[in-house]
1. So, in Å, what gap is there between the alpha-carbon centers of region 305-359 and region 419-481?
2. Once R0 is set to 30 Å, what does the formula 1/(1 + (r/R0)^6) return for the Cβ-Cβ distance between Asp211 and Lys275, expressed as a FRET efficiency to the nearest 0.05?
3. With a 10 Å radius around each residue's Cβ, average the other Cβ atoms per peptide and rank 471-479, 394-402, highest first.
4. Quick one: length gained pulling Leu164 to Glu126 fully straight, 0.36 nm per residue minus the C-alpha distance?
5. So what is the diffusion coefficient of region 133-268 in µm² per second by Stokes-Einstein at 10 °C and 1.306 mPa s, using a Kirkwood Rh over Cα pairs?
6. Around Val488, with a cut-off of 14 angstrom between Cβ atoms, what is the net charge of the other residues, counting Lys and Arg +1 and Asp and Glu -1?
7. What's the center-to-center distance, using Cα atoms, between region 179-217 and region 85-102 in Å?
8. State the Cα centre-to-centre distance between region 362-414 and region 261-277 in whole Å.
Amino acid sequence: MILLLVLLAFQILAVAANPIKHARTALFGRRGTAQQDFLVTSLPGLTKNIPEHDIPLMFAGQLELYANNDTHYFFWKFSDRHKSAEAQNKTIFWLNGGPGCSSMDGALMEAGPLRVNGQAEVVYNEGSWHKKGDIIFVDQPAGTGFSYGQEYDSDLAGVLWHFLTFLEKYFALFPEDAENEIILAGESYAGQYIPYIAQAIHDRNLRVEKDNVPKFNLRGLLIGNGYIAPNEQGLSYVPFAVQAGLVKTSDPYWQKLLELHERCQRAVDKSHAEKSLSAYAIVNKDCDRVLTVLLLLTRDLLAAEDQQCVNMYDYTLRDSYPSCGMNWPPDLPDVSKFLRDDKVMGDLNLIAHKRWNECLGLVLNHLRAKLSMPSITLFPELLQHTEIVLFHGNRDIICNYLGAEGMIKKLKWSGHEGFTSDAPVYDWRHDGSVLGYVQMEHNLTYVNVFDASHMVPFDKPELSTALVDVLYKRYDLKHPKDEKPALVTHLMASTTDDNSGASGTEKESESSGAVENDQQTSRVVRVIQLAVIVVIVWGICALYATYKSKPTSIIKTKSTGRKKNVQWADQLEEDAPDKKDGSFFKKAINKFTKSESAYLPLGEDAIEMEHQKASDDDFIIGSDEELEHHR
Ligand SMILES: *[C@@H]1O[C@H](CO)[C@@H](O)[C@H](O)[C@H]1NC(C)=O
């Protein structure tokens with residue numbers, strides 16, 4: 001009892017030292033269970049750089065999926081405070097790929113309303129998808145970005161199952177959104193995640209139908225430069241490199257490339273003939289190897305160090321070898337600095353502070369997905385009940401558009417193979433210019449985006465928002481005589497003029513009301529805390545009188561800031577009369593150290609793994625692990 005009191009006292013003192021951030025810690029109910037616990041009210045530069053009108057309503061934090069293995073998924077939700085009619089009742093989930101790459105790429109460099117400047121402060125991104133619906137960036141599977149857990153997923157079945165759990169918990173936290181239309185969006189390796197999750201949502205809806213449980217209202221999929229049919233896509237590397245002028249048939253290594261290309265071709269033929277898991281293994285070394293070797297062979301040793309390799313995400317750019325694009329986009333250092341800042345982690349309501357990595361090799365190495373068929377095999381059935389939009393920036397090498405077009409040509413759905421002659425190729429006109437082309441038939445839409453990289457919303461923020469309009473068929477089709485037919489989308493209506501109408505104003509007062517409420521709550525909480533502190537101080541004095549010989553053991557701490565509380569807790573544990581596992585005391589300590597400053601062991605091996613070069617026999621995964629990331 002006395003030790004518990006002391007524990008309480010120290011927690012209160014921690015709260016007193018930083019009243020706002022710790023206002024809702026374990027003392028008054030578990031943090032991270034109520035919507036208010038996730039509200040984001042400050043970020044470096046937020047009010048300084050962004051007009052109040054544009055500041056989105058934000059929620060972020062690590063949502064508990066499973067208590068038994070401590071799995072938490074980090075999400076960051078952005079809603080427009082002045083929602084247009086078309087943005088109402090829509091929830092877009094965005095996933096980056098990897099596997100193991102954080103969706104903070106998407107949030108802070110692509111589709112989100114915030115970007116990070118050179119001072120590691122947020123600035124506003126005019127071309128943000130939150131104007132088209134609420135957008136939520138989710139770090140998954142466990143271990144990715146700010147998400148964590150004691151176990152890593154080793155196949156896509158696990159990934160989809162955990163994402164379904166995430167959705168259940170998410171909509172329990174935001175019940176007002178539970179009937180929203182859901183759009184699953186993402187990029188690259190998310191071309192594996194998204195179709196699997198969509199299929200799982202569909203299966204779940206069938207399952208819960210009879211139990212009167214509300215269905216997830218899945219509206220469609222938006223996949224950017226997706227890694228969907230890896231083997232077929234592997235066949236595109238050599239043709240794409242030739243077309244882009246990266247290699248010439250007169251180059252000394254041309255024969256070598258052809259040989260690798262043929263090996264990939266044989267693997268693809270085999271997978272079509274056998275349709276077995278082993279033949280279809282998502283990561284087929286022979287096909288992935290074509291790109292790895294291509295980057296190696298085209299390395300320019302005479303160029304400056306940071307120019308030696310072609311950028312595999314944008315063939316018009318160069319990077320050092322063997323990064324070959326992993327140092328790009330140029331915002332990445334600022335974003336990393338921003339997300340590694342303790343203050344920012346606090347602003348984002350992290351329960352467990354964790355060093356943010358854009359991509360984590362540990363997640364990738366666990367999720368080799370050899371036990372799952374590539375997601376393209378799900379398409380024929382999915383397309384019977386789901387709209388799918390595939391968009392491809394045409395400068396990307398790793399998931400290039402030639403591979404996508406080849407994959408669609410081979411895809412059998414709705415009784416035909418590839419697009420039929422009834423599906424014309426439309427010029428994509430936006431703001432008066434032709435910025436790409438589009439083809440669609442029977443729930444599948446393919447969009448080629450000109451002058452865009454692997455990360456389309458990075459290069460073309462405003463244009464990329466129109467992809468949501470493409471999914472919702474908010475466009476005009478023009479069939480002029482003697483000219484190519486055109487699909488016309490429209491610039492986003494400017495919302496910076498203040499005549500945004502009654503509904504906008506209403507929303508605004510509603511959301512600022514939420515903020516006010518939050519501040520009031522924390523004020524009340526602080527008053528209670530103060531009262532408790534008084535009691536506790538009295539308790540400590542009483543304790544001190546009784547245990548005069550003991551206090552040094554309690555107060556003794558390491559002076560190295562972060563570990564301080566852990567050290568103190570260890571100390572206490574040694575003194576604890578009851579050291580049995582699972583005792584209430586131990587649980588209290590665990591909770592305390594976790595909510596306070598525990599550095600997850602996960603982060604530490606993860607960092608090690610990132611620099612680890614694996615053995616030669618695993619050439620593709622190991623020799624240059626970086627090249628493997630389809631982010
Ligand atoms: C396309 O999807 C809708 C549901 O969104 C479905 O009703 C329709 O049958 C599908 N079309 C085809 C050709 O499968």
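Since every read-out is calculated from the coordinates, none of them should be taken as a lab result. Everything numeric here is computed off the predicted structure, so don't read it as measured data. Methodologically, a virtual Cβ is constructed for each residue, glycine included, from the backbone with ideal geometry; neighbour enumeration extends over all protein chains shown.
1. Between the Cα centre of region 305-359 and that of region 419-481, the gap is 29 Å.
2. Numbers: r = 35 Å, r/R0 = 1.16.
The pair Asp211/Lys275 has a calculated efficiency of 0.30.
3. Top to bottom by mean Cβ count within 10 Å: 394-402, 471-479.
4. The Leu164-Glu126 span can extend by a further 10.5 nm.
5. Calculated translational D: 89 µm²/s.
6. 0
7. 13
8. 16
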